[in-house]
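This report refers to the structure that appears directly beneath it.
The values are calculated or read from the model by the stated rules, or taken from the named source; none is laboratory data. Since this is a predicted model, take the numbers as computed values, not measurements. Counting neighbours? That spans all protein chains shown, and the Cβs are built from the backbone with ideal geometry, glycine included. Calculation scope for accessible area: heavy atoms of the full protein, side chains included, ligands and nucleic acids excluded. Shrake-Rupley method; radii C 1.70, N 1.55, O 1.52, S 1.80 Å.
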Amino acid sequence: MNNKSVAISGGHTAGHIYPLVEIGNYLHKKNGLDIQFFGSKNDLEYEIAHENQYSFKAISPTQIRTKNLLKLIWGLINFTATYFKTLIYLSANRPLLMLVSGGYTCAPVGLAAKTIGIPLIVFCPDVKPGWSIRFLSKIANRICCSVSDSLKYLPAKKTSVTGYPARKEFYTYKTYKSRLESNAENRTNLLIMGGSLGSKEINEFITNHIKFLTMHYQITHITGTNEYQRVEKKWKMLNEVEKSQYKILKYSKNVAELIANSDLILSRAGASILGELTALAQPAILYPGTFSDQYLNARFLEQKNAAVILESLDQNAVQILEKTLESKETRIKLSDNIGNLSQGNAIKNITTLVIRQINE
């Protein structure tokens, strides 16, 4: 029995994994707790868990929410198998608490923990919780959420608005206005991000208008691993002057620095924006596409006048992008409003609840 550890689970996207890692590292450093990570060996969490020297338990659940009957049956079989596999492991390596952040990986894991009396805390990173968080919230001891708009989807009596735990490097930079004043560059800097795998829609939009954009702005474009080669082919077709104004990256571990050095970002609206953009007070234009959870994240910020939403990527989107890039006043207003949404130190807020629950 390991009575000096906390188990965590959540996966498939960086927006679910990095909050767990930040909390896990804080608990290890401040409270001497070891971390057990339950996730898929074929996804991002496996690499990140090993980078942070966590004990990793590989599980293999699959999606349940599907209209395909065969996939549904297979998902239920994997859910049951993962549940019993986790149950056996937790019984032999009992942690003090289980913390989950969403994704179908964590549903059977959280259920197994509660079955044998391990306290369960659920963190909801997006505005609207996914099915696994809604499922586990009914049996969780405590629930944390990034923003107050999540409260209407969750049991209010046991839910706390803690903020989203962005990686610690996002808290090392000055406010946007201070960065703007110290920026000696003549050109306005635009950063494009479409997620770790990449957004084909955003990438095509940028490459289709790159000649216009490089005439006026300095562009940094994180293409995503799946999209890099296609964007690179377009980059090679540009002249030398255009290439000098347009930097492409497949992926970057220095996202905080890239955002801090930009005047505006064009991005998807995954859960991480609720912490990363808030921490940096960063003006942003968001394109959530057809992802309902991303649209609600973006809509939350838009309603607070803290970001701009693009409903589609067309010529009107180019005009909105240009108008925002040309207006320092607009960018500062967006920065002030998104900075005001900060819940303080979200990592400390959540770890305080974790330690309190362990001690009960």
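Some notes on this structure:
- Theoretical gain in end-to-end length, Tyr171 to His216 [0.36 nm per residue, Cα-Cα removed]: 13.2 nm
- Pairs from the list Lys177/Lys243; Lys67/Lys128; Lys30/Lys168; Lys234/Lys304 with a Cα-Cα gap above 26 Å: Lys177/Lys243; Lys234/Lys304.
- Working from label points 7 Å from Cα in the Cα-to-Cβ sense, the Lys152 to Ser182 distance is 4.0 nm.
- Extension gain for the segment Lys4 to Asn345, taken as residue separation times 0.36 nm less the Cα-Cα distance, is 120.3 nm to one decimal.
- Amide H contacts under 5 Å for Phe56: Phe37, restricted to partners 5 or more places along the chain or on a different chain, H placed in the peptide plane at 1.01 Å from N.
- Bridging of Lys158 to aspartates and glutamates at a Cα separation below 18 Å is possible for Asp126, Asp149, Glu360, once same-chain residues fewer than 8 apart are set aside.
- Under 5 Å, built H, 5+ apart or other chain: amide partners of Ser5: Asp34, Leu96
- Measuring against 23 Å, Cα to Cα, the residue pairs Lys157/Lys333; Lys211/Lys250; Lys174/Lys328 contain Lys157/Lys333 as the ones spanning a longer distance.
- Thr352 versus Ile116: modelled label distance in nm, points set 7 Å from Cα along the beta carbon direction: 3.2 nm
- Per residue, the Cα convex hull of the range 236-360 amounts to 153 Å³.
- Sorting the segments 284-295, 8-19 by their residues' average number of neighbouring beta-carbon atoms within 10 angstrom, most packed first, yields 8-19, 284-295.
- A protection proxy built from the mean count of other Cβ atoms within 10 Å ranks the segments 151-157, 248-254, most packed first, as 248-254, 151-157.
- Taking amide H atoms as placed 1.01 Å from N in the peptide plane, the amide H of Cys124 lies under 5 Å from those of Cys144, Cys145, Ser146, each 5 or more residues away in sequence or on another chain.
- Basic side chains Lys and Arg get +1 at the Cβ, acidic Asp and Glu get -1 at the Cβ, and with that the dipole of the chain about its Cα centre reaches some 1000 debye.
- The charge dipole of the range 1-84, taken about its Cα centre with unit charges on the Cβ atoms of Lys, Arg (+1), Asp and Glu (-1) only, comes to about 280 debye.
- Between Thr225 and Leu70, the FRET efficiency estimated from the beta carbon spacing at R0 = 22 angstrom works out to 0.15.
- FRET efficiency for the Ile77 to Val318 pair, using the beta carbon distance and R₀ = 56 Å, is estimated at 0.70.
- For Leu151, net neighbour charge (Lys/Arg +1, Asp/Glu -1) across residues whose Cβ lies under 15 Å away: +4
- Judged by a Cβ-Cβ distance under 4.7 Å, the unpaired cysteines of the chain are Cys106, Cys144.
- Mean Kyte hydropathy of 0.0 or more with a Cα span along the axis of at least 18 Å, helices from DSSP in the chain: 69-92, 346-359
- Within the shell of other residues whose beta carbon sits under 12 angstrom from the beta carbon of Lys236, the net charge comes to +1, with Lys and Arg scored +1 and Asp and Glu -1.
- Binning the alpha carbon pair distances of the range 244-300 at 5 angstrom intervals from zero yields the distribution 4, 17, 27, 25, 17, 8, 2, 0, expressed in whole percent.
- Near Leu90, once Lys and Arg are set to +1 and Asp and Glu to -1 for all other residues with Cβ below 12 Å from its Cβ, the sum equals +4.
- When the charge dipole of the range 231-360 is built from unit charges on Cβ atoms (+1 for Lys and Arg, -1 for Asp and Glu) and taken about the Cα centre, the candidate among Asn316, Ile338, Ile248 whose Cα reaches farthest toward its positive end is Ile248.
- Considering only Ser327, Asn68, Gln229, the residue lying farthest towards the positive end of the dipole of the chain is Asn68, judged by Cα position with unit charges set on Cβ.
- Accessible surface of the chain [probe 1.4 Å, protein heavy atoms]: carbon and sulfur percent: 50 percent
- Positive-end ranking of Leu154, Tyr46, Ala140 along the dipole of the chain, with charges on Cβ about the Cα centre, is headed by Ala140.
- Counting only protein heavy atoms and a 1.4 Å probe, the chain has 46 square angstrom of accessible area per residue.
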